[in-house]
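*Asks:* Have a look at this one before I ask anything.
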Amino acid sequence: MISTRGRYALRVMLDLAENENGKYIPLKDIAARQELSKKYLEIIVKDLVKGGLLTGASGKGGGYKLCRRPEEYTLGEIIELMEGTLASVACLVDKEHECPRKDICKTLPLWTKYHNLVHDFFYGQKLSDLL
């Protein structure tokens with residue numbers, strides 16, 4: 001399940017894309033438009049900046065803006081930055097410690113197919129597709 005962190009991160013990114021004017025957009029403006037807590041968004045944008053998806057500036061005229069054009073972001077990269085892997089089962093995440101039953105597991109193909117559907121869905125859509 002995608003948490004509020006992932007959902008709100010998408011909303012922030014979309015808000016910045018919709019309101020892009022070449023200048024930094026104050027977080028209070030984003031919070032007001034999205035009807036979200038500015039305090040909670042501070043945590044989210046910190047991770048988006050750290051992950052290289054946003055750039056931020058403090059002080060007068062400060063705020064946040066996208067680092068790239070909206071068509072250069074996939075929804076998958078935004079969600080995975082905030083949520084971690086999109087994999088639904090551990091055996092698809094940790095390749096270093098592969099499950100000893102992987103060669104005989106009857107359910108692994110099911111989980112692999114499901115993972116590929118979810119991965120392809122989110123990585124196949126751009127932020128610009130939501131505009």
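Here, each number is a calculation from the coordinates, and none is a lab measurement. This one's a predicted model, so the numbers in the text were calculated from it and none came from an experiment. When we count neighbours, we look across all protein chains shown, and the Cβ atoms used for this are built from the backbone with ideal geometry, even at glycine.
*Asks:* For the Cα atoms of the chain, what angle does the longest principal axis make with the long axis of helix 4-18, in degrees from 0 to 90, nearest 10?
*Replies:* 50 degrees
*Asks:* Additional query: Could you check the spin-label model distance between Thr85 and Lys102? Points 7 Å from the Cα along Cα→Cβ, value in nm.
*Replies:* Here the answer is 1.0 nm between the modelled labels.
*Asks:* Which label belongs to the value computed from this structure, given these candidates for Cα Rg over 2.2 N^0.38 Å: [x] 1.13; [y] 1.78; [z] 1.25?
*Replies:* It is the value labelled [z].
*Asks:* Give the calculated FRET efficiency between Lys113 and Glu77 to the nearest 0.05, with a Förster radius of 22 Å applied to their Cβ-Cβ distance.
*Replies:* So the FRET efficiency works out to roughly 0.50.
*Asks:* Output the lone cysteines of the chain: those with no second cysteine's C-beta under 4.7 Å from their C-beta.
*Replies:* So far as the 4.7 Å Cβ criterion goes, Cys67, Cys105 stand without a partner in the chain.
*Asks:* Across segment 73-82, in residue order, what do the Karplus-derived ³J(HN,Hα) couplings come to in whole Hz, using 6.51 cos²θ - 1.76 cosθ + 1.60 with θ = phi - 60° and x for Gly and Pro?
*Replies:* Residue by residue, segment 73-82 yields 10, 9, 5, x, 5, 5, 5, 5, 4, 7 Hz.
*Asks:* Residues of segment 21-36 with backbone nitrogen within less than 18 Å of a virtual label 7 Å along the Cα-to-Cβ line of Lys60, please, listed as ranges.
*Replies:* Residues 23-27 fall inside that zone.
*Asks:* Report the calculated FRET efficiency for Met1 and Lys23 (r = Cβ-Cβ distance, R0 = 30 Å), to the nearest 0.05.
*Replies:* That gives a FRET efficiency of 0.25.
*Asks:* Pick from Arg101, Arg11, Arg68 the residue whose mean-square fluctuation is largest in a GNM of the chain, springs joining Cα atoms under 10 Å.
*Replies:* Arg101
*Asks:* Select from segment 28-93 those GluC sites (Glu not before Pro) which occupy a DSSP coil region and have at most 16 other Cβ atoms within 10 Å, ordered by residue number. Can you show the working numbers first?
*Replies:* Details: sites: Glu35, Glu42, Glu71, Glu72, Glu77, Glu80, Glu83; in loops: Glu35.
Loop-located and lightly packed - Glu35.
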